[in-house]
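To keep things clear, I will list the structure first and then write my remarks on it.
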Amino acid sequence: IHETQRLANIAPIAVPHRTSQDVTFRGYFIKKNTTVYVLLTSVLHDESEWEKPYSFHPDHFLDKDGKLVKNDAFMPFSAGRRACLGESLARMELFIFFVTLLQHFRFRPPPGVSEDSLDLTPRVGFTLSPTAHKLRALDCM
Ligand code: HEM
């Protein structure tokens, strides 16, 4: 789930915020009342943080024993005091839906379509959403 949110986060950009005072951040001077747009995608795909920034690579979050590894560059819900208020609800829902589906089904492309040929380019709007795909849900119970 972490790697899915890293690679295909629905929010490429955080809500715009405005500086309430003059700020110097990492050598950059930002004047009071400047509107700041935080590009979350640039962090989630940062080549200095992720071994394979543009591929689905769950090992980004796993140690050699298969345990979850945290990375500060994982910020699909943004960071700081105005980060997403619904983060814990969203994470709980993602876990319950995803795990319940994967416990019951194996998902495969339709006959004649290979996994590599699936186009994972998102539909661009204020949020990014997946394009429609046909798939097979194989009962594995
Ligand atoms: C996967 C699901 C979600 C993602 C990736 C997400 C992501 C985000 C992001 C990036 C922001 C902007 C934070 C910033 O400006 O720094 C935000 C703000 C916010 N989100 Fe979410 N969100 C999700 C689900 C939800 C849900 C389920 C709720 C409510 C039930 C929610 C409520 C809010 C609210 C109220 C804010 C504004 C917080 C503020 O300005 O103080 N979000 N979210």
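The values are calculated or read from the model by the stated rules, or taken from the named source; none is laboratory data. Computed from a prediction, not measured in an experiment: that's the story for all the values here. Glycine also receives a Cβ, built like all others from the backbone with ideal geometry; neighbour counts cover every protein chain displayed. In case anyone asks, the SASA skips ligands and DNA or RNA and just uses the protein heavy atoms, side chains included. Shrake-Rupley method; radii C 1.70, N 1.55, O 1.52, S 1.80 Å.
For the pair residue 107 and residue 17 in one chain, pulling the backbone fully straight at 0.36 nm per residue adds 28.4 nm over the alpha carbon distance.
Tell me the carbon and sulfur percent of the accessible area for the chain, rounded to whole percent, probe radius 1.4 Å.
Numbers: 6540 of 11180 Å².
Looking at the chain in its full context, I get 59 percent from C and S.
Excluding ligands, DNA and RNA, the accessible surface per residue across the chain is 79 Å² with a 1.4 Å probe. Packing, taken as the mean count of other beta carbons within 10 Å per residue, orders the peptides 102-109, 23-30 from highest to lowest as 102-109, 23-30.
Dipole of the chain, Cα-centred, from +1 at each Lys and Arg C-beta and -1 at each Asp and Glu C-beta, to the nearest 20 debye?
Details: 17 positive and 16 negative charges, 112 e Å.
For the chain, the charge dipole is close to 540 debye.
Work out, step by step, the length gained on full extension between residue 119 and residue 85: first 0.36 nm times the residue separation, then minus their alpha carbon distance; give nm to one decimal. Don't skip to the answer; put the middle values down first.
On the way: separation 34, 0.36 × 34 = 12.24 nm, distance 3.15 nm.
Going from the current span to full extension adds 9.1 nm.
Tally Lys/Arg at +1 and Asp/Glu at -1 over every other residue whose Cβ is under 11 Å from the Cβ of residue 108; what's the total? Provide the component values of the computation, followed by the final result.
On the way: positive: 106, 134, 136; negative: 115.
Cβ neighbours under 11 Å give a net charge of +2.
Place +1 on the Cβ of every Lys and Arg and -1 on the Cβ of every Asp and Glu in the chain, take the dipole about the Cα centre, and give the residue among 133, 88, 2 whose Cα lies farthest towards its positive end. After comparing all options, I get 88.
Measure nothing but the geometry: give the 0 to 90° angle between the long axis through the Cα atoms of 87-104 and the longest principal axis through the Cα atoms of the chain, rounded to 10°. Computed tilt is about 10 degrees.
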